[in-house]
């Protein structure tokens, strides 16, 4: 199977799953049919569009391949027609999200390598492909994107999957081997991180101290130190 065919199939799987997830977000926000279509399409196509624009390797695939937009619309329509309970949502959302995240990270890395770019841009654009659509979707519904934390390991899983794809390609392994290994590894890690509550560390509470061991607070902006009046006893004249 040709590399381009594998990458396109992975891309389309990610498009449908992310469009379905976008439509599910529209349901939770109680949007109308147009909202389902917009949120689902942006969620399904956003990451790939960002990747293709950055690659500058011709028009984005979502605009040239006749399957991308209909598949994104199909995912949004399925979410519009099928109602999920809260338990079903919690159960299926993370499974589908993990699949889409890993599939798109592998596809983005592979497509970047196919254009002749090096390993670091491949990891970067693989990650952007995986998280770009979801981040755009979250911003449109006014919530903090999951990529910024509080949702288990998310972008870090995408980085790992893209890195596995790049390493396998550098070692000369078949594309299918790198894809399967990366997707399975990332999928398992993503679900374990969700179930165990694993997250990357946030801001640390370290504070600078002066030589006496006291916390050193910088002066507030706009406030000047008062000049101390000279002590009359210090005059020498």
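The values are calculated or read from the model by the stated rules, or taken from the named source; none is laboratory data. Everything quoted here is computed from the prediction, not taken from an experiment. A quick note on method: Cβ atoms are made from the backbone with ideal geometry, for glycine too, and the neighbour counts reach across all protein chains shown.
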Restricting the stretch 197-212 to residues that are at pLDDT 80 or above and surrounded by 10 or more Cβ atoms within 10 Å (Cβ to Cβ), the residue that is farthest from the chain's Cα centre (by Cα): 198
Filter result for residue 68 (touching a residue at least 24 places away in the same chain (Cβ under 8 Å) and within 22 Å of residue 187 (Cβ to Cβ)): no
In the set 191, 184, which member is within 25 Å of residue 8 (Cβ to Cβ), in a helix (DSSP H, G or I) and within 20 Å of the chain's Cα centre (by Cα)? 184
Residue set 49, 63, 31; condition surrounded by fewer than 24 Cβ atoms within 10 Å (Cβ to Cβ) and outside any helix (DSSP H, G or I); output residue 31
Just checking, how many residues over the stretch 71-100 are within 24 Å of residue 179 (Cβ to Cβ) and modelled with pLDDT of 90 or more? 4
Name the residue that is farthest from residue 184 (Cα to Cα), counting only residues in the stretch 99-108 that are over 11 Å from the mean Cα position of the chain (by Cα) and surrounded by 24 or more Cβ atoms within 10 Å (Cβ to Cβ). 108
Which ones in the stretch 109-132 are more than 17 Å from residue 153 (Cα to Cα) and under 12 Å from the mean Cα position of the chain (by Cα)? 125
Can you tell me which residue in the stretch 133-170 is surrounded by the most Cβ atoms within 10 Å (Cβ to Cβ), limited to those that are assigned to a loop (DSSP other than H, G, I, E, B) and more than 15 Å from the chain's Cα centre (by Cα)? 141
Working carefully through the options 83, 74, find the one that is over 20 Å from the mean Cα position of the chain (by Cα), in a loop (DSSP other than H, G, I, E, B) and surrounded by fewer than 23 Cβ atoms within 10 Å (Cβ to Cβ). 83
